[in-house]
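Below you'll find the structure, written out as structure tokens, and then a few comments.
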Amino acid sequence: MRTAGRNDGASGDGLVAARLAALLEAFRPGDDTLGVSELTRRTGLAKTTVHRLVGHLTETGLLEREAGAVRLGLRLFEIGQLASPRRGLVEAARPYLADLREATRNTVHLAILEGTEVVYLDVLRGPDAPTLPSRIGGRFPAHATGVGKAILAFSPEAVVNQVIDAGLPRMSARTITAPGLLRRQLARVREDGIALEREESGVGVVCAASPLLDAGGVAVAAVSISGWANRMRTERVAPAVRTVALALTRTLSGSTADSRG
């Protein structure tokens, strides 16, 4: 009986956590405030449940009330900054990324792999670059991005298999959806240290990316430059991306050695 009670409690806690997460994840890029009715629609939760959970979240500062609606609270941002295990990587990379943007006037990304998607840790938008859907904290299928292919090329085979087994959704007319073709591209990236993306994530956009490697030669992140297909020549910007990736790899390796010493 006691075991059942503990399991019931754990199940209940998990349900509450899932509902709280659903509320917070209901906010999308561009949302300022959301009303209870919209939160109910997006989460599929009962309106009374949404009312109750919104009350708890506003009491803790994770949500803030404004004119009959709620917005994500400053406390949530503060916690996110403290919790991010990649904060040191972003801080180390920012000067390099800024120089890369200044030199090319195109958009520069720093990303990691999570599951089958890349997550953008930093995005510096260039004045001559197209408006891209990428945003800090945003996700995109790894196989359809330069950063994703750069990371996958230097990842364990099990990671590549996971991405392929999950399916390769088509994001544009040129997205690689054939596993064999993707594997051949990754083999080329391992030789060159550069991953190219030619309108695979969206029409008119090209990209050159290069991985940041750990001491074992496994990718921990990747940097890229993205620009208009008719303006940016990937073969010309690729050496600059590669140079930044190598410099960051050395910088991060030195930081790790210092911390261990």
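Test SER201 against the stated conditions and say whether it is modelled with pLDDT under 95, within 19 Å of THR104 (Cβ to Cβ) and in contact with a Ser or Thr (Cβ under 6 Å, 6 or more places away or on another chain).
Working: modelled with pLDDT under 95: yes; within 19 Å of THR104 (Cβ to Cβ): yes; in contact with a Ser or Thr (Cβ under 6 Å, 6 or more places away or on another chain): yes.
Yes, satisfied.
Take THR243 and decide whether it is surrounded by 13 or more Cβ atoms within 10 Å (Cβ to Cβ), free of Cβ contacts under 8 Å to residues at least 60 places away in the same chain and within 23 Å of GLY115 (Cβ to Cβ). First the steps, then the outcome.
Details: surrounded by 13 or more Cβ atoms within 10 Å (Cβ to Cβ): yes; free of Cβ contacts under 8 Å to residues at least 60 places away in the same chain: yes; within 23 Å of GLY115 (Cβ to Cβ): no.
Taking the combined requirement at face value, the residue does not satisfy it.
Is it the case that some residue within the stretch 128-149 is within 21 Å of ARG250 (Cβ to Cβ) and either touching a Ser or Thr at 6+ places or on another chain (Cβ under 9 Å) or without any contact (Cβ under 8 Å) to a residue 24 or more places away in the chain (or both)?
Just the residues of the stretch 128-149 that are within 21 Å of ARG250 (Cβ to Cβ), to begin with: 147.
Filter once more, keeping what is either touching a Ser or Thr at 6+ places or on another chain (Cβ under 9 Å) or without any contact (Cβ under 8 Å) to a residue 24 or more places away in the chain (or both): 147.
Within the stretch 128-149, one or more residues are within 21 Å of ARG250 (Cβ to Cβ) and either touching a Ser or Thr at 6+ places or on another chain (Cβ under 9 Å) or without any contact (Cβ under 8 Å) to a residue 24 or more places away in the chain (or both).
Could you list all residues from the stretch 108-157 that are crowded, with 19+ Cβ neighbours inside 10 Å and assigned to a helix (DSSP H, G or I)?
ALA142, HIS143, ALA144, GLY146, VAL147, GLY148, LYS149, ALA150, ILE151, LEU152, ALA153
Is it the case that the stretch 204-220 has a residue that's closer than 29 Å to ARG28 by Cβ and among the polar types (S, T, N, Q)?
no
If you go through the stretch 193-212 one residue at a time, do you hit one that is of a type outside the set (Val, Ile, Thr), surrounded by 14 or more Cβ atoms within 10 Å (Cβ to Cβ) and assigned to a helix (DSSP H, G or I)?
Checked the stretch 193-212: no residue is of a type outside the set (Val, Ile, Thr), surrounded by 14 or more Cβ atoms within 10 Å (Cβ to Cβ) and assigned to a helix (DSSP H, G or I).
Within the stretch 41-50, how many residues turn out to be loosely packed, with under 13 Cβ neighbours inside 10 Å, in a helix (DSSP H, G or I) and of a type outside the set (D, E, K, R)?
Residues of the stretch 41-50 that are loosely packed, with under 13 Cβ neighbours inside 10 Å, as a first pass: 44, 46-48.
Going one step further and asking which of them are in a helix (DSSP H, G or I), we end up with 47-48.
Filter again for of a type outside the set (D, E, K, R), leaving 48.
Residues that pass the stated criteria total 1.
Going by the structure shown, is LEU82 closer than 30 Å to THR249 by Cβ, at pLDDT below 90 and assigned to a helix (DSSP H, G or I)?
yes
Any idea which of THR177, THR251 is surrounded by fewer than 23 Cβ atoms within 10 Å (Cβ to Cβ) and not in a loop (DSSP other than H, G, I, E, B)? Walk me through how you get there before you give the answer.
Values: THR177 fails: not in a loop (DSSP other than H, G, I, E, B).
Among THR177, THR251, only THR251 is surrounded by fewer than 23 Cβ atoms within 10 Å (Cβ to Cβ) and not in a loop (DSSP other than H, G, I, E, B).
Working carefully through the options ALA229, ALA219, ALA215, ALA257, find the one that is under 20 Å from ARG190 (Cα atoms) and modelled with pLDDT under 95. First the steps, then the outcome.
Values: ALA229 fails: under 20 Å from ARG190 (Cα atoms); ALA219 fails: modelled with pLDDT under 95; ALA257 fails: under 20 Å from ARG190 (Cα atoms).
Selected residue: ALA215, the only one of ALA229, ALA219, ALA215, ALA257 that is under 20 Å from ARG190 (Cα atoms) and modelled with pLDDT under 95.
Which of (1) surrounded by 12 or more Cβ atoms within 10 Å (Cβ to Cβ); (2) without any contact (Cβ under 8 Å) to a residue 40 or more places away in the chain; (3) part of a helix (DSSP H, G or I); (4) assigned by TED's automatic domain parsing to the domain that holds ILE151 does ALA93 not meet, given it meets every other one?
It is condition (2) that ALA93 fails.
Tally up the residues in the stretch 142-172 that are of a type outside the set (Ser, Thr, Tyr) and farther than 26 Å from GLY216 by Cβ, please. Explain how you work it out, then say what you get.
Residues of the stretch 142-172 that are of a type outside the set (Ser, Thr, Tyr), as a first pass: 142-144, 146-154, 156-171.
In the following step, the residues that additionally are farther than 26 Å from GLY216 by Cβ were identified as 144, 167-171.
Residues meeting the conditions: 6.
Is the stretch 133-148 home to any residue that is over 11 Å from the mean Cα position of the chain (by Cα), at pLDDT 95 or above, assigned by TED's automatic domain parsing to the domain that holds GLY216 and among the hydrophobic types (A, V, I, L, M, F, W, C)?
yes
If you check ALA103, ALA22, ALA26, which single one turns out to be touching a strand residue (DSSP E or B) at 6+ places or on another chain (Cβ under 8 Å), small (Gly, Ala, Ser) and surrounded by 13 or more Cβ atoms within 10 Å (Cβ to Cβ)? Explain how you work it out, then say what you get.
Numbers: ALA103 fails: touching a strand residue (DSSP E or B) at 6+ places or on another chain (Cβ under 8 Å); ALA22 fails: touching a strand residue (DSSP E or B) at 6+ places or on another chain (Cβ under 8 Å).
Sole residue among the options that is touching a strand residue (DSSP E or B) at 6+ places or on another chain (Cβ under 8 Å), small (Gly, Ala, Ser) and surrounded by 13 or more Cβ atoms within 10 Å (Cβ to Cβ): ALA26.
Just one of (1) in contact with a Phe, Trp or Tyr (Cβ under 7 Å, 6 or more places away or on another chain); (2) at pLDDT 95 or above; (3) hydroxyl-bearing (Ser, Thr, Tyr) trips up THR177, so point out which.
(1)
Hey, can you tell me all the residues within the stretch 213-240 that are without any contact (Cβ under 8 Å) to a residue 60 or more places away in the chain and either assigned to a loop (DSSP other than H, G, I, E, B) or of a type outside the set (Val, Ile, Thr) (or both)?
Start the filter on the stretch 213-240 by keeping residues that are without any contact (Cβ under 8 Å) to a residue 60 or more places away in the chain, which leaves 213-216, 229-230, 233-236, 238-239.
Passing the criteria: LEU213, ASP214, ALA215, GLY216, ALA229, ASN230, ARG233, GLU235, ARG236, ALA238, PRO239.
The values are calculated or read from the model by the stated rules, or taken from the named source; none is laboratory data. Note that the structure is a prediction, hence the values are computed from the model and not measured. Please note: Cβ atoms are built from the backbone with ideal geometry, for glycine as well, and neighbour counts cover all protein chains shown.
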